[in-house]
1. Which distance in Å, rounded to a whole number, links the C-alpha centroids of segment 226-276 and segment 321-359?
2. At a Förster distance of 45 Å, what's the computed FRET efficiency of residue 413 paired with residue 150, Cβ-Cβ distance as r, to 0.05?
3. Taking Rh as the Kirkwood radius computed over C-alpha pairs, what is the Stokes-Einstein D of segment 232-305 at 37 °C in a medium of viscosity 0.692 mPa s, expressed in µm² per second?
4. In the chain, what % of DSSP beta bridges are antiparallel (nearest 5)?
5. How big is the dipole moment of segment 87-240 about its Cα centre under a simple scheme where the beta carbon of each Lys and Arg is +1, that of each Asp and Glu is -1, and everything else is neutral? Debye, nearest 20, please.
6. For segment 126-230, what does the alpha-carbon gyration tensor say about shape, rounded, prolate or oblate, given a ≥ b ≥ c as the root eigenvalues, a/c under 1.5 as rounded, and a/b over b/c as prolate?
7. Rounded, prolate or oblate, given the Cα gyration tensor of segment 367-418, with a/c below 1.5 counting as rounded?
8. State the answer as a single residue: which of 74, 283, 126 lies farthest towards the positive end of the charge dipole of the chain, with beta carbon charges of +1 for Lys and Arg and -1 for Asp and Glu, about the Cα centre.
Amino acid sequence: MDKFVIKGGPRLQGEIPIGGSKNSALPALAAALLTDEPVTLRRIPRVRDIRTMQRLLVDIGSQAEVDGETIRLHTPRIVSSEAPYELVKTMRASSLVLGPLVARTGRARVSLPGGCAIGARPINLHLLGLEQLGARIQQAHGYIEAEAPDGLRGATIHFDRITVTGTEDLIMAAVLARGETLLRNAAREPEVADLCALLSKMGAQIEGAGTSTIHIRGVEMLHGADHTIIADRIEAGTFLIAGAITGGDLKIVDCVPEHVGALVAKLLQAGAEITQTDASSVQICVPKRLRSVDVTTEEYPGFATDLQAQYLALMTQAQGIAMLVETIFENRFMHAQEMARMGANIRLEGRQAIVAGPSELTGAGVIASDLRGSAALVLAALAARGETVIDRVYHIDRGYEKIEAKLARVGAQIRRVE
């Protein structure tokens, strides 16, 4: 099991390029099941979750050709409508094949997903929506079984709460349904809009992508397409915080600055100097100690829950007391206990963390518990005195491509130990 060994202290300086979005690539890969023609996807990050999804699609019937960051998928026919537990137990995004399989074949059998232990993240909203589209749903032996032998039909669906994967799943189901579908209280995340852009290239009729109301007119069939995935806003945000926590001078390139607008606003309030140097680059410089700024996680365009752990690490080095309120997941402060072992002053009260800073962090042996929590431990280690050893970094490999190499190129003393 790989580990990271990090010696804290150096200021990060230079440029870090941002790769394609994992959270955008996963639904795009699933969308390739909707057509029997080839779909070419570019700027696919080479991370563990992508490899897992690719293996799942091959099991279902896709032919996959991989050339660097480009994947070409061709699914002339579905040979299996099942997503088995053995493949999907480590990845919650596996539920994204549910909508495409029911839409194309009228049947799907998908294991209840696994993934990070940061909260329940039930898929009941996916299932309720599919039932409204005409599918029959059963749950038994850890699997969801959905059937629509006569095909899906359009409906008006109102999500009781915002769900990104639920919105994506039902969009993919609705594009081949008979009639019109209206999704209300839909997720507005950039990854949802990117999926809609791909589906539109494939011949889907979608209006309102990026808004809370999405209108879909079902079509009989979709065709192939060539699509480039958007930049990973969570990776961009993580590296912006890396620049801030080390008092560095970093330029984040190949990103979409507006996608990290909520984080940038908080960093500016904290005292960082941030400049958008061009349409796809952001420069961060921290000339003095940051001050504490409260954060409450929200759905996009609010502060992303996937950046909360990294921001908590930053607040351990800021002057004052910050309150972080987590509204999306109920168990997303597992990294706090490991940071406390490094010297952080953090008190947990239900869904909020109270951080008093600045704390002098010292290197220690810590264990990564989830994807974003492991990134937060890397950031804390960059600011700590001495050497930190982070165990179970397979978590970070699920969503960051060679994070240690990118950090090392801008001055971090970090290495992977197998």
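The values are calculated or read from the model by the stated rules, or taken from the named source; none is laboratory data. What you see is a predicted model, and the numbers here were worked out from it, not measured in a lab. Quick reminder, even Gly has a Cβ in these numbers, built from the backbone with ideal geometry, and neighbours come from all protein chains shown. To get the accessible areas, we keep the full protein, side chains included, count just its heavy atoms, and leave off ligands, DNA and RNA. Shrake-Rupley method; radii C 1.70, N 1.55, O 1.52, S 1.80 Å.
1. Cα centres, segment 226-276 to segment 321-359: 22 Å.
2. According to the calculation, E is roughly 0.15.
3. 269 µm²/s
4. Antiparallel bridges make up about 70 percent of those DSSP assigns within the chain.
5. For segment 87-240, the charge dipole is close to 300 debye.
6. prolate
7. Oblate.
8. 283
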